[in-house]
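The values are calculated or read from the model by the stated rules, or taken from the named source; none is laboratory data. Just so you know, these numbers come straight off a predicted model, no measurement behind them. Note that we place each Cβ from the backbone using ideal geometry, even for glycine, and neighbour counts take in every protein chain shown.
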């Protein structure tokens, strides 16, 4: 998928090199990753490289910045945003936990991006070594509870059926800030 021009600018000099682990340009791991095996260094880079490939194939793009969502981890202008990963401890199978921290606590794309990320990881499971990828938005987001409840529902359906539900069946009840129409939140 081609990038599109963003009004927020940012050339290649604004980004860390692909395949580099720069902790000061990544969000702090949140509670979803606590007590699990946090990925750092080359392990983080390998998993994040897979995310970039999957997101490209599925078109998981941040509309504000006009690039593949995985590129947010390398964007030096947003050092507290992006993905962090952990391998789930004590699981009988190989489970990855991915926590997305958006650039702002009110990012209107967070629900769509988290659902799209879940769908990309689990819909293209033949392209990685995890049996399941759990995705959540960081609690700093003002609707993290609603968003995470919806993705837990999506995850439960996926685990039960082995298939990713159609977008119209995702999302549960209405968002307190958006009323009953959530159709624009889950286009993926």
- Quick one: count up the residues across the range 92-105 that are at pLDDT 95 or above, farther than 16 Å from residue 60 by Cβ and part of a loop (DSSP other than H, G, I, E, B). 3
- Condition broken by residue 108, with the remaining ones in (1) part of a loop (DSSP other than H, G, I, E, B); (2) under 13 Å from the mean Cα position of the chain (by Cα) satisfied: (2)
- Query: Before we move on, is residue 115 more than 18 Å from residue 65 (Cβ to Cβ), in contact with a strand residue (DSSP E or B) (Cβ under 9 Å, 6 or more places away or on another chain), touching a residue at least 40 places away in the same chain (Cβ under 8 Å) and in a helix (DSSP H, G or I)?
  - Reply: yes
- If you check 142, 122, 111, which single one turns out to be surrounded by fewer than 18 Cβ atoms within 10 Å (Cβ to Cβ), closer than 23 Å to residue 63 by Cα and modelled with pLDDT of 95 or more? 142
- Does any residue of the range 162-173 turn out to be surrounded by fewer than 20 Cβ atoms within 10 Å (Cβ to Cβ), at pLDDT 50 or above, out of contact with any helix residue (DSSP H, G or I) (no Cβ under 7 Å at 6 or more places or on another chain) and within 19 Å of residue 102 (Cα to Cα)? no
